[in-house]
Amino acid sequence: MGLMMMIGSFSVLAGGDGDNKASTVKIGLLKYNGGGDWYANPSSLPNLVVFCNEQLNSNIQTDIVTIEPGSAELFNLPFVHMTGHGNVVFSDTEAENLRTYLEAGGFLHIDDNYGMDKYARAAIKKIFPDKDLLEIPFSHPVYHQRFNFNNGLPKIHEHDGKTPQGFGILIEGRLALFYSYECDLGDGWEDPEVHNDSKEVRLKALQMGANLIQYVCSGD
């Protein structure tokens with residue numbers, strides 16, 4: 001299925017009446033090179049999908065697709081998540097494929113799991129050498145979907161104690177890439193016993209993750 005057709009199907013499933021129980025819609029986890037632990041937080045995306053299916057009335061499969069940045073299968077996934085603590089390397093071909101995917105309507109969420117920042121920024125610049133990574137204002141729709149975050153990203157883990165920030169790449173006004181920094185949403189999506197976060201902290205993380213999914217669905 002082509003990406004734009006997949007986005008259309010995704011839009012129907014999220015926020016629909018829930019009658020379609022034979023969903024073929026999946027989301028992906030990016031398996032990149034460079035030595036960083038792309039596989040961190042293994043329970044995070046399945047938990048986020050369950051939360052979205054319950055709270056948004058979506059019907060996304062809980063089987064997460066592990067996808068490489070140069071794969072043609074990337075275009076079957078409306079939402080792709082990337083995380084880790086270290087180095088990220090994209091080849092020229094992979095960067096071009098990711099850029100084409102995002103320009104065609106795809107969405108990439110990069111979540112700094114601490115220690116990834118300088119590598120993530122360099123990787124983003126390789127994908128979009130002619131675009132600046134911009135801080136997303138608190139008024140942006142991504143913070144005001146099913147759940148309102150009037151002060152932007154919630155603080156899930158302390159890291160360096162800095163204020164969490166959401167950065168992005170816009171393509172013709174659409175947020176195509178979202179980079180969550182000093183926040184660690186993915187840790188908050190994990191099983192409760194992994195980090196022993198409070199229910200309140202986990203809920204904020206899941207709610208913000210659901211906003212990302214819903215933004216991809218609605219496009220605004």
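Every read-out reported here was derived from the displayed coordinates using simple, explicitly stated rules and does not represent laboratory data. Since we're looking at a predicted model, the values are computed, not measured. Every residue, glycine among them, receives a Cβ derived from its backbone with ideal geometry; neighbour counts consider all protein chains shown.
General remarks:
- Estimated D of region 59-99 in µm² per second, where Rh is the Kirkwood radius over Cα pairs and Stokes-Einstein applies at 4 °C, 1.567 mPa s: 111
- Ordering 212-218, 83-89 by mean Cβ neighbour count within 10 Å, with the highest value first, yields 212-218, 83-89.
- Cross-link pairs exceeding 29 Å in C-alpha to C-alpha distance, out of K26/K162; K31/K118; K26/K204; K31/K155; K131/K155; K126/K162, comprise K26/K162.
- Two-site label geometry, S218 and S43: point separation in nm, points 7 Å out along Cα→Cβ: 3.0
- Relative to the Cα centre, the charge distribution of the chain, modelled as +1 at Lys and Arg Cβ and -1 at Asp and Glu Cβ, gives a dipole magnitude of about 280 debye.
- Annotation for region 17-101: chymotrypsin sites (Phe, Trp or Tyr not before Pro) lying in DSSP loop with at most 16 further Cβ atoms inside 10 Å of their Cβ are Y39.
- Hydrodynamic radius by Kirkwood, which averages 1/r over all alpha carbon pairs of the chain, in angstrom: 17.1
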